[in-house]
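Okay, so here's the structure we're looking at.
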Amino acid sequence: MDVRGNKVQLDDNTEISYDKCLIATGGVPRNLQVIVRAGEEVMKRTTLFRKVEDFKVLDSVSRSVKSITIVGGGFLGSELACALGRRSTDSDLEVIQMFPEKGNMGKVLPEYLSNWTTEKVKKEGVKVLPEALVKSVSFKDDKVQIQLKDGRVVSTDHLVAAVGLEPSVDLAKSAGLEVDADFGGYRVNAELQARSNIWVVGPSVRGQAGDAACFYDIRLGRRRVEHHDHAVVSGRLAGENMTGANKPYWHQSMFWSDLGPDVGYEAIGIVDSSLPTVGVFAKATAKDTPRAATEQSGTGIRSESETEEVASSPVASQAATPVALRQKDDYGKGVIFYLRDKVVVGIILWNVFNRMPIARKIIKDGEEHADLNEVAKLFNIHED
């Protein structure tokens with residue numbers, strides 16, 4: 001890529017000139033080096049789950065093997081574990097999930113909720129191995145042998161590596177573009193611009209998942225986001241700015257995840273378990289599940305990237321005062337606020353659906369709140 005000359009060279013030496021260029025290279029699934037070094041027999045039995053083709057392969061594999069081990073306790077690893085665990089109830093399939101954190105979604109959820117979620121995953125038929133660090137992987141007696149650093153050995157038929165994405169930044173060197181040392185990805189400004197006439201976003205929405213841009217969020221600071229809604233929002237913004245809009249990134253994208261039919265959440269902003277959190281919970285009903293939300297909407301997608309409505313939900317006049325539950329309680333539904341310098345920078349709606357505009361407005365306002373129990377009333381979590 002010749003940035004000064006405004007042209008790119010393809011691998012067949014064809015040159016294409018441009019006035020403005022959008023880089024949307026996305027990312028590729030990461031793998032553990034101990035798996036890569038384990039050799040061909042292990043790699044043949046390893047899935048890096050990302051595309052539709054990977055789903056088809058894993059679907060077929062899960063019907064022909066006796067055991068599958070998922071390495072990774074984040075969004076993808078936990079979703080796959082629950083899905084395969086439910087399948088195992090009708091077969092002899094053993095589903096194992098291992099990760100270095102203390103509980104599922106340990107980098108996202110506060111510890112008490114991560115531990116509670118882990119118990120839910122176990123009830124889906126998954127053998128969960130927390131605090132498991134992979135030391136080596138080998139192939140022996142027609143099995144993949146995973147040796148952990150604490151001495152445990154796990155024997156399995158097939159591996160799934162769900163350990164994140166690596167931004168595709170191969171063009172950075174030839175183009176002289178900056179790669180962010182902390183978050184990875186091309187470093188861009190709040191308008192998603194890397195250099196004059198060059199913008200960077202994630203991939204096309206129908207392409208590989210992941211985001212190649214580390215952008216500056218005028219509300220939350222520098223970030224890199226790897227979710228569908230962000231691909232929609234950032235792609236639209238970059239396109240507008242390439243035609244002269246000069247608009248900063250301000251519309252917070254959301255993401256969602258389901259762990260089986262009874263636990264689901266929607267989130268926005270910075271949701272990092274290292275931040276202080278305040279959780280406000282209520283007793284769940286049969287309506288407070290992903291299954292019910294899907295049936296109500298008539299679609300399997302809970303996404304608000306196509307809308308930019310402003311939340312104006314009043315406080316429920318008859319709502320009881322929400323309370324922060326103790327660890328022994330059942331976290332059926334609720335709201336988790338993530339704080340930085342006493343300001344809400346992230347929100348998870350736990351089995352609470354169709355309230356994202358309210359969460360978006362709270363983050364956009366950027367105010368300190370003396371009592372987050374009062375703020376939680378906006379979400380009407382005590383409605384029947």
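Coordinate-derived values only; no laboratory data. Given the structure is predicted, the values throughout are model-derived calculations rather than measurements. For neighbour counting, all protein chains shown are included, and Cβ atoms are generated from backbone atoms with ideal geometry for every residue, glycine included.
Among (1) -0.29, -0.82, -0.99; (2) -0.26, -0.73, -0.87; (3) -0.35, -0.85, -0.96, which is the computed log10 I(q)/I(0) by the Debye sum over Cα atoms at q = 0.06, 0.10, 0.11 Å⁻¹?
Structure-derived value, by its label: (2).
Nearest 5 is fine: what % of DSSP beta bridges in the chain come out antiparallel, could you say?
70
Cβ neighbours within 10 Å, averaged per peptide: list 93-106, 234-247, 52-65 in order, most packed at the top.
Per-residue Cβ counts within 10 Å, averaged per peptide and sorted highest first, yield 93-106, 234-247, 52-65.
Considering only DSSP beta bridges with both partners in segment 33-162, what is the antiparallel share in %, to the nearest 5?
The answer is about 40 percent antiparallel.
Which value in deg cm²/dmol, rounded to the nearest 500, describes the helix-derived mean residue ellipticity at 222 nm for the chain, given -39,500 (n - 2.57) per DSSP H run of n ≥ 4 and division by the residue count?
-6500 deg cm²/dmol
Name the long-range amide H neighbours of Asn380: under 5 Å, sequence gap of 5 or more, or other chain; modelled H, no Pro or chain starts.
Answer set, sorted by chain and number: Ala316.
Exceeding 25 Å between C-alpha atoms, which entries from my cross-link table qualify? They are Lys247/Lys342; Lys102/Lys140; Lys51/Lys287; Lys127/Lys287; Lys102/Lys361; Lys247/Lys364.
Details: Lys247/Lys342 28 Å; Lys102/Lys140 29 Å; Lys51/Lys287 32 Å; Lys127/Lys287 28 Å; Lys102/Lys361 32 Å; Lys247/Lys364 16 Å.
Checking Cα-Cα distances, Lys247/Lys342; Lys102/Lys140; Lys51/Lys287; Lys127/Lys287; Lys102/Lys361 exceed 25 Å.
Go through 27-40, 331-344, 370-383 and give me the packing order, highest mean Cβ count within 10 Å leading.
331-344, 370-383, 27-40
Which helices of the chain meet both criteria: a Cα extent of 27 Å or more along the helical axis and a mean Kyte-Doolittle score no lower than 0.0, with helices taken as whole DSSP H segments?
TM-like helix candidates: nothing returned.
Grab the Cα-Cα distance for Lys44 and Lys247, subtract it from 0.36 nm times how many residues apart they are, and report the gain in nm with one decimal.
Stretched fully, the Lys44-Lys247 segment lengthens by 68.4 nm.
What list of ³J(HN,Hα) values in whole Hz, one per residue of segment 192-198 in order, does the Karplus curve 6.51 cos²θ - 1.76 cosθ + 1.60 (θ = phi - 60°) give from phi, with Gly and Pro shown as x?
6, 9, 8, 8, 4, 6, 10
Starting from the amide H of Gln97, placed 1.01 Å from N in the peptide plane, find each other amide H under 5 Å away whose residue is 5 or more places distant or on another chain.
Placed amide hydrogens put Ile70, Lys127, Val128, Leu129 under 5 Å from Gln97.
Add +1 for every Lys or Arg and -1 for every Asp or Glu among the other residues with Cβ under 12 Å from the Cβ of Phe49, and state the total.
Here the charged neighbours net out to 0.
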